[in-house]
Every structure is written in C-alpha cells, then in structure tokens.
Amino acid sequence: MDIIKSEVELPGGSQGVFNAFVLLFIALIGFIIIGPLIGFIIGIPFYSQDLTSLQNTLADPASSPDGKTLLYFLQAGSTLGMVLVPLIYVKAKMHIPVKAFFANTLSIIGLGLAGIITFTFMGFNSLIIEWNANVNLPEFLSGFEQWAQEKEQMAAELTGFLATFDSNAQFIVALFIMAVFPAIAEEFVFRGLVQNRLSKGIGNAHWAIWISAALFSGIHMQFFGFFPRMFLGALFGYLYLWSGNLLIPIFAHFVNNAFTLCMIYFYSEEIVAYDIQNSDPPELPAVLLFTIITSGLIFYFRKHYQTINSKDGSMAKGV
C-alpha cells in the first residue's frame, strides 16, 4: 500500500477543483466578514470605554486599554466563522458528516510522533525562514517588495502586541485564541476541505497537498514568510494524508503555534534566555541534523499508519 487515501465520495460525483475553491471562498467569507462581526458584537459588553472611541481603538489597538481584549474577540470570531460557515455548507449541500473527518484510527503513537515531527521540523524550516526573509526582488518589483515589507512589519507589530501578556490568565486566553482555534479552523479548511477536494478533482494527492499548502500560506499575506509557511502546510498535508484523521494535523498545527507563543511568553518572563523572535537561525550542521531526524520520524510515521491500516485489512478512508 503506497499512500493512505483520505477522501469522501460525494453524492452525484465530484466537481473537484471547483468545489475546493468554492469551499475556500465560503471559508474566507466566514473569516473576513461574518466571524469578525460576531466577535465584535460579543466583545462590545467587555469594552469599558465610550462606544464612540471604538473606531480609534480599532485603528490603533495599542493606544487603548481595551484594545487587546477587542482584538482577541475579533480573532476568536474570525476563526469561529472560518469553521462554522463552510461546515454549515458542507453539511447542508454536500451531506458530509463531521465525523467523516475523524473516521480513521487515532493512534496515540501517531499523535505523539506528529508533535515531535513538528518540533524537529522547525530546525529545518529555520533555514527556509532565514532565506525567505532576506529575498531581494528585481527592481521592477520594488513596489511589491515595499508593500510586502510593510505587511511583514505590521504583522510583527500585531503579533508582538497580542503576545505581550499582563497576567497568566491572559496568556491562557491567548493560547486558545492564537494556537488552539487557528489550528482547528485552518486545518479543517485547508486539509479537511480544500486538500481533499483538490485531490478528488486532480487525481493526485501530492499536487493537492502542495497547492493547498500554497493557498494556506498565501492567505496570510506575508510574502517574506511565504515559503516556510508553505512547507509547514505541506507537512500538515502529508500527516493528514497518511493518518486519515484530521486530529493529527490539528495537533501538529497547535504544537507549532503553542511552542512559539510559549517561548515568547517565557522569554518575556525571563524563564528562558532564548529570544525566538530575534535570534539567529541554527548553524548549518544543526539544521542538517534536524533535517535527518525529521526525515526519519516522517518515514516511521508513514510506516506506522501503513501497519495500522494493513491490520484493518483495507485502505484507510477519511474525508
């Protein structure tokens, strides 16, 4: 058995690629419009200032004592909308039950391996991060380069603001909003929906994984982080393909986000001396070691699920 299939057969046949982009469009509507509106409405009672100052708070959250709280509600609403809107469409129009995304065996060993793989993959990906962050574009793309650099700066400032915590309780809240919720929402959309539909339409799981990963990276609108995020998305895609259970890439995604957030928090509290945001990448020998370890773990992960599947006596089927 070469690969583990993770698709759902849709009634009446599949429109493949078209379905994938329709689902992505619906998810983006939930993420950009419906979700933030829900988060904004829910967050208003927690806004202690005059409502007339809301516009200024949204324009410059750092200037308001309630700015961070309001952004947390908006972020939570966005991820909620990203899940609920396409989920309603999938259940109503495609008649796919939620349990189909988690139908395959959830191995505790596989879950642990996914977490370790994600951690060691950071060592390899650090090289890609460093290269992508220092790409010099041709002169005729100088306008785009300036725009991309400004987007990077804005994203860094926003992350720095949201990841600065006044209390342990605020850190726990941020862990859910910045690690748990995005892991669920983004994996459901890009692996559970888009990757599966592309695989069905194209007929090639590998192309589906890499296209989904490129789309996953592209929506973050950060060119100077595009490639490392795409490689990370591809990793999640293969973990889902081989395991057939969406909980595996969700957990891997959570590990990636939570580790970064925890390191930022621990550094600010002087628990660790390593500044993950401003430190140089590992030396090349260390990167090579991480790459070898990650490759071995990925090989073992794949074999582990092939063994599970062979014991079941059939090819694993997920979504």
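The values are calculated or read from the model by the stated rules, or taken from the named source; none is laboratory data. Note that this is a predicted model, so its numbers are computed, not measured. Using ideal geometry, Cβ is built from the backbone for each residue, glycine included, and neighbour counts are taken over all protein chains shown. Areas reflect the complete protein model, heavy atoms only, side chains present, ligands, DNA and RNA absent. Shrake-Rupley method; radii C 1.70, N 1.55, O 1.52, S 1.80 Å.
The table that follows gives values for the structure above.
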| item | result |
| --- | --- |
| Packing-based order for 224-231, 164-171, using average beta carbon neighbours within 10 Å, highest first | 224-231, 164-171 |
| Net lengthening on full extension, A92/I202 (0.36 nm per residue, minus Cα-Cα) | 37.2 nm |
| Per residue accessible area in Å² of segment 218-319, where ligands, DNA and RNA are left out and the probe is 1.4 Å | 50 Å² |
| Phi to ³J(HN,Hα) by Karplus 6.51 cos²θ - 1.76 cosθ + 1.60 over segment 188-201, Hz, x for Gly, Pro | 4, 6, 7, 9, x, 9, 5, 4, 5, 5, 5, 4, 5, x |
| Accessible area per residue, Å², segment 107-204 with all protein chains present, probe 1.4 Å | 48 Å² |
| Rough spin-label spacing in nm, given labels placed 7 Å along Cα→Cβ, for S142 and I44 | 4.8 nm |
| Rounded tilt (10° steps) of 205-218 against the dominant C-alpha axis of the chain | 0 degrees |
| MRE, 222 nm, helices only [DSSP H, n ≥ 4, -39500 (n - 2.57), over the chain, to nearest 500] | -21000 deg cm²/dmol |
| Solvent-accessible surface ranking, highest first, for E130, E270 at 1.4 angstrom | E270, E130 |
| Solvent-accessible area per residue, Å², over segment 48-93 with all protein chains present [probe radius 1.4 Å] | 53 Å² |
| Chain lengthening between H220 and I29 when straightened (0.36 nm per residue, less Cα-Cα) | 67.3 nm |
| Hz values of 3J(HN,Hα) by residue in segment 96-102 - Karplus curve (6.51, -1.76, 1.60), Gly and Pro given as x | 9, x, 4, 5, 5, 6, 10 |
| In the chain, lysine pairs with alpha-carbon atoms under 27 angstrom apart (chain gap of 8 or more, or interchain) | 22 |
| Portion, in percent, of the accessible area of the chain that falls on carbon or sulfur, probe 1.4 Å | 67 percent |
| Backbone HN-Hα couplings from phi across segment 148-158 [Karplus 6.51/-1.76/1.60, Hz, Gly and Pro as x] | 5, 5, 5, 5, 4, 5, 4, 5, 5, 5, 5 |
